[in-house]
Every structure is written in C-alpha cells, then in structure tokens.
Amino acid sequence: PNGGEMYTARFTGSADTVFVHQLADVWRWDRNNKTFSSMPVGSPADSIRALDVHATRPLLATVGAASIVRIRNSETGAPLRTLFYDPPAVLYTVAFSSDGSKVLFAGDDGLVNVWDWEGSGALTSFRQHGAGALNLVVWDCAFSPGDSLYVSGGVDATARLWKEGAAAAVQTYRHNSHVRSVGFSPDGHRILSGSLDSTIRQWDTEYGEPIGDSLNHGGQVICSDYSPTADTIMSAGRDGTIILWKSGV
C-alpha cells in the first residue's frame with residue numbers, strides 16, 4: 001500500500017486475509033473486499049523487521065531491531081507477552097509453532113531460538129546457522145507441521161533443515177544469493193525458499209532434491225508462503241509487488 005519494500009507477508013488460516021509488513025506498519029489485506037487496513041503494533045522504536053500469524057488462533061508475533069519479541073492478538077492488536085532478548089541482536093524472523101504456544105526466531109547473531117511464551121516462558125538457543133561474521137545472519141526460520149523439524153535460511157545462500165536433538169543440519173538447500181524466506185508445506189513434505197537471486201524454489205524434505213523448476217519473481221524475493229491448502233504460493237519482493245502462483249509440482 002505504501003509502494004515500498006515488503007518485509008513479510010503471511011496468510012491467515014482461511015487464506016482470505018494476508019498480513020503484510022512495511023517498515024513500521026503492519027497492514028491487513030482483505031482479499032475478498034480488496035481493501036487494506038493498518039493495525040497498531042507498538043512503538044516505532046521497535047523497528048519491526050518481521051511478523052508471523054498463527055493459522056488458527058488470533059495470534060500475531062513481531063520482532064525487530066530492539067531485541068524484542070512481541071505477541072499480540074491479531075484481531076485487535078492487544079499485547080499478550082513480551083520477551084526482551086539478551087544479548088542484544090537485530091531479530092529478522094519469527095514463526096509460531098503448530099499449536100501457537102512457542103515461537104521460533106533468529107537474527108544477526110546466527111542463533112535459532114525457541115521461546116515457550118505461553119507456558120514456562122523458557123528460552124532455548126538450539127542451533128547456529130552459519131559460521132564467520134559475514135555468514136551468521138539468519139533471515140527466516142519456520143517450524144514443520146508437528147514441530148519436530150525446523151528450517152532456517154540465511155545470508156550464506158542456504159536453507160538448512162534441522163531435526164530436534166541433531167548435532168548438525170539434516171539437509172542443506174542452495175540458492176545463488178541470500179535465502180530470505182523459508183517455510184514448510186502444510187503436509188511437511190516440501191520446503192519453500194525465496195532468495196535475493198529473484199527465485200522461489202520447492203524442495204523435497206525427505207531426499208533434499210529440488211521439486212520442479214524455480215519460479216522467477218522478477219525481482220529480489222523478500223518473503224514467500226504456502227496457502228493453507230498448498231495449492232497457492234505467495235511471493236513478495238523488494239519491487240513492492242505480491243504475486244500468487246499455482247504450486248503444482
């Protein structure tokens with residue numbers, strides 16, 4: 001709506017609504033009525049970098065440069081919980097678990113973290129995506145359905161599949177530039193990745209092979225997502241456009 005870079009875009013569970021984040025604004029896109037509306041998300045000082053929306057519960061999570069993770073009601077914007085992450089880091093990605101009780105988030109320190117925000121409030125840093133100062137940044141991460149697997153994408157041009165308790169990545173998927181977005185299909189059999197090389201790709205989670213040809217967004221891809229039925233892929237880019245694709249493989 002502002003004609004600028006779109007940082008994150010997420011379907012709600014019904015796929016009738018998409019939440020989009022641009023700079024300090026979070027917008028709700030009503031696909032049926034073709035309208036945009038803004039919602040309050042907190043102080044501009046938060047400098048929000050990413051958001052996630054739970055598929056079935058009215059939950060919205062935001063992270064940003066202020067080392068803060070905020071959980072809000074996605075319908076009203078009312079605050080529910082806040083985590084002040086220490087040591088300070090710029091946080092670039094956040095994702096809800098299947099039941100919404102946990103969030104997975106990461107940033108420029110290379111650590112992928114799990115926060116049990118609804119239960120004990122415990123924070124676990126379980127994995128480091130990259131190595132070396134230039135390869136530490138994690139741009140995106142996601143839980144698998146059932147939450148036994150995690151995927152992260154980073155500045156090192158890879159998406160990495162992790163298994164709870166494993167000492168190293170189970171699989172590594174490669175692009176030609178930063179991997180800015182990653183996610184699982186609803187059945188967990190596919191991973192979607194979007195990159196600054198302007199492509200969106202699908203990968204097989206069991207064998208690690210690419211599925212089909214890459215899709216060319218026409219500009220650097222900042223975020224991508226499956227619809228709840230996985231028949232549609234959404235990509236949003238630095239060129240300010242959102243594209244919906246048929247995901248047939």
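The values are calculated or read from the model by the stated rules, or taken from the named source; none is laboratory data. Everything quoted here is computed from the prediction, not taken from an experiment. Cβ coordinates were reconstructed from backbone atoms using ideal geometry, including for glycine residues, and neighbour counts include every protein chain displayed. All accessible areas refer to the heavy atoms of the entire protein, side chains included, with ligands and DNA or RNA removed. Shrake-Rupley method; radii C 1.70, N 1.55, O 1.52, S 1.80 Å.
Below are the figures for this structure:
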{"item": "Exclusive hit being open to solvent by less than 30 Å² (accessible area, probe 1.4 Å) and either modelled with pLDDT of 85 or more or touching a helix residue (DSSP H, G or I) at 6+ places or on another chain (Cβ under 8 Å) (or both), set R72, R10", "result": "R72"}
{"item": "Contacts under 9 angstrom Cβ, first residue in segment 104-131 being hydroxyl-bearing (S, T, Y), partner in a strand (DSSP E or B), 6 or more apart", "result": "T124/N113; T124/V114; T124/W115; S125/L111; S125/V112; S125/N113; S125/V114"}
{"item": "Residues being of a type in the set (V, I, T), in a strand (DSSP E or B) and modelled with pLDDT under 85 - total across segment 36-68", "result": "1"}
{"item": "Output for segment 101-111, where each listed residue is touching a Ser or Thr at 6+ places or on another chain (Cβ under 6 Å) and surrounded by fewer than 23 Cβ atoms within 10 Å (Cβ to Cβ)", "result": "L111"}
{"item": "Segment 196-208, subset over 24 Å from A15 (Cβ atoms) and of a type outside the set (D, E, K, R), residue surrounded by the fewest Cβ atoms within 10 Å (Cβ to Cβ)", "result": "Y207"}
{"item": "Filter result for I211 (modelled with pLDDT of 90 or more, under 19 Å from S144 (Cβ atoms) and surrounded by 22 or more Cβ atoms within 10 Å (Cβ to Cβ))", "result": "no"}
{"item": "Members of segment 81-100 that are touching an Asp or Glu at 6+ places or on another chain (Cβ under 8 Å), without any contact (Cβ under 8 Å) to a residue 40 or more places away in the chain and buried (at least 17 other Cβ atoms within 10 Å of the Cβ)", "result": "A89"}
{"item": "Condition met for L134 (of a type in the set (A, V, I, L, M), at pLDDT 85 or above and open to solvent by 60 Å² or more (accessible area, probe 1.4 Å))", "result": "no"}
